1. Filter region 352-369 down to the residues that are part of a strand (DSSP E or B) and either without any contact (Cβ under 8 Å) to a residue 60 or more places away in the chain or buried (at least 19 other Cβ atoms within 10 Å of the Cβ) (or both) and list them by number.
2. Looking only at residues that are aliphatic (A, V, I, L, M) and touching a residue at least 24 places away in the same chain (Cβ under 8 Å) in region 37-69, which one is surrounded by the most Cβ atoms within 10 Å (Cβ to Cβ)?
3. Which number in (1) farther than 23 Å from residue 381 by Cα; (2) assigned to a helix (DSSP H, G or I); (3) touching a Lys or Arg at 6+ places or on another chain (Cβ under 8 Å) marks the one condition that residue 349 misses?
4. Give region 422-438 a look and list any residue that's part of a helix (DSSP H, G or I) and either surrounded by 18 or more Cβ atoms within 10 Å (Cβ to Cβ) or out of contact with any helix residue (DSSP H, G or I) (no Cβ under 7 Å at 6 or more places or on another chain) (or both), or say none.
5. Give me a count of the residues in region 243-262 that are touching a Cys at 6+ places or on another chain (Cβ under 9 Å) and more than 14 Å from residue 394 (Cβ to Cβ).
6. Kindly indicate the residue of region 306-338 that is free of Cβ contacts under 8 Å to residues at least 12 places away in the same chain and among the polar types (S, T, N, Q) and also surrounded by the most Cβ atoms within 10 Å (Cβ to Cβ) among those meeting that condition.
7. Which residue pairs have Cβ atoms under 7 Å apart, sit 6 or more places apart or on different chains, and have a first residue in region 168-184 that is under 13 Å from residue 111 (Cα atoms) and a second that is among the small types (Gly, Ala, Ser)?
8. Quickly run through region 118-145 and pick out the residues that are among the acidic types (Asp, Glu) and at pLDDT 95 or above.
Amino acid sequence: MKNAKHEKVWKFDHTADKLPDNCGIGWLLNDKIKDKATEGITQNLLDFYSFKYRRIPQIQANEFVKLCNIAYDTGFKKLLICKQGIILRNFIEKSKEYWNTQYKDCVIVGHILDRKHRWWQIHPQCMFIDLEWWVASGRPEFGENQFDDIDWTAPKIRRSEVTLGKKDQVYNPTEIWSTNETVQASGKWQGHNLLRVAMEQGKKVGIWNDELREGKEYLYGEMMDHYEKLFQVGADLWDARWYSANTESLDTIKKDHKCKTVYSTSGGISPIANAYINNLEEGGKLVAYDIDPVAVHMQWYISNNWDGRNWSKFVKDYKKENPIIGNRFVCEKDLPFNDEYIEGLGEDFVKWWNTTYQTFKHEFRVTDIMAIARMKRELRSEIDEDSDRKVFIDVSNAFNYEINSILYSKNIRLRLENDYIDFFNKYPDKFVARGFDINKVNQDPKFSYLPKLFPWQNI
């Protein structure tokens, strides 16, 4: 299987088929966030999510009716509304199995909350709406909070006795149904008008189940006590982890060039594959770097203990023997992908691992690729002016990685990547770079809405 092409095409989880047909994402901007730092973090998160889910058409607005009108005029028939302040973990991915079952024929799905004498609320943090129904219903307003004890007649809603979340959160039913009766309510919570229209028409309204609720968070930046939720963002930011399997495609055909130095991020087998595919010469320098010390440690351990075969078993055995570090492993479900990749490289790779690889000068570094001035100085020092040997660098998805995206806006990440590209262009025959693609994607006509989706994006 020498130089056999690896046929597997890695499919990202964020493809458009995770949502119903003709459904886009509508980002509802939030001008009620009280803290400027929190506002910046939530903007950075929207930058990241819009890029991550770029295969799904997207629009934005700062008001519900405006958002729905733009979506409908754009051609959307359905809309998943996510409000600025949302933390999307795997909510969209998890939702796929429910659209044709639990939420089939729903005109609204969301956080539907029982507010007793003040009737019901739809929290706008994350909500699905059938736009064709909404337009046919006269494009009703969402309905904002009115707590002046306004008495009004509302549709009576029947609810489940079973609740979601904590046992004392009785305001979270699992299901609601319309009736032909009315009740007297005092005051109004947000979403009351939209829900009223649906209930008066006898339409099906769904409620996000526990599994989907666990797939996201909301910061509640409108409240000054949001810091507890904000802490979770920080916890995610500094939580050490190692990607035990690669979450992106790996090159399979050996390149024509020869390298004297290879720099590679430390996920999965990236440093090894990059050195092999890019023909790092005997005695060459292999730098496995990462911002995460656990990832760097694992590359050191792999270098000294792996035999070039049975990747899944190797990782699982290590985790069993080292549970504290092993608990920091992620993407274990994708370990067979690495096995398949290694098998596709054949015996030539195993022979290379046991011979050429062992001659490399190895460096294992905790390094931040965003520290561009230091990185450029180092890369420049690696240039061999007297030969055609290359310096290879792979940054993987560093410029569109969630952790980096919390710290750096899209504007900054685009500029940083451009600075690197400008540097490489000064030495056109000396560098081979991989993973510098956020600018390319941002300018791709397939994603024409990406470059300036949000008002704070200026590049």
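The values are calculated or read from the model by the stated rules, or taken from the named source; none is laboratory data. Please read all numbers here as calculations on a predicted model, not as lab measurements. In this analysis, Cβ positions are derived from the backbone assuming ideal geometry, glycine residues included, and neighbour counts consider all displayed protein chains.
1. At the first step, the residues of region 352-369 found to be part of a strand (DSSP E or B) are 361-366.
Once the filter is applied, which keeps residues that are part of a strand (DSSP E or B) and either without any contact (Cβ under 8 Å) to a residue 60 or more places away in the chain or buried (at least 19 other Cβ atoms within 10 Å of the Cβ) (or both), region 352-369 yields only 364.
2. Just the residues of region 37-69 that are aliphatic (A, V, I, L, M), to begin with: 37, 41, 45-46, 56, 59, 61, 65, 67.
Those left that are additionally touching a residue at least 24 places away in the same chain (Cβ under 8 Å): 41, 45-46, 56, 59, 61, 65, 67.
On the way: 41: 23, 45: 20, 46: 26, 56: 18, 59: 20, 61: 17, 65: 14, 67: 22.
Taking the candidates together, the pick is 46.
3. In the conditions (1) farther than 23 Å from residue 381 by Cα; (2) assigned to a helix (DSSP H, G or I); (3) touching a Lys or Arg at 6+ places or on another chain (Cβ under 8 Å), residue 349 misses (3) alone.
4. Taking region 422-438 as the starting set, the residues that turn out to be part of a helix (DSSP H, G or I) are 422-425, 438.
422, 424, 425, 438, listed by residue number.
5. In the first step, residues of region 243-262 are kept if they are touching a Cys at 6+ places or on another chain (Cβ under 9 Å); the result is 243-247.
Applying the additional criterion that residues be more than 14 Å from residue 394 (Cβ to Cβ) yields 244-245.
Of the residues in region 243-262, 2 are touching a Cys at 6+ places or on another chain (Cβ under 9 Å) and more than 14 Å from residue 394 (Cβ to Cβ).
6. Only one residue tops the list, namely 322.
7. 172/165; 173/160; 174/160; 175/160
8. First, pick out the residues of region 118-145 that are among the acidic types (Asp, Glu): 130, 132, 141, 144.
Correct list: 130, 132, 141.
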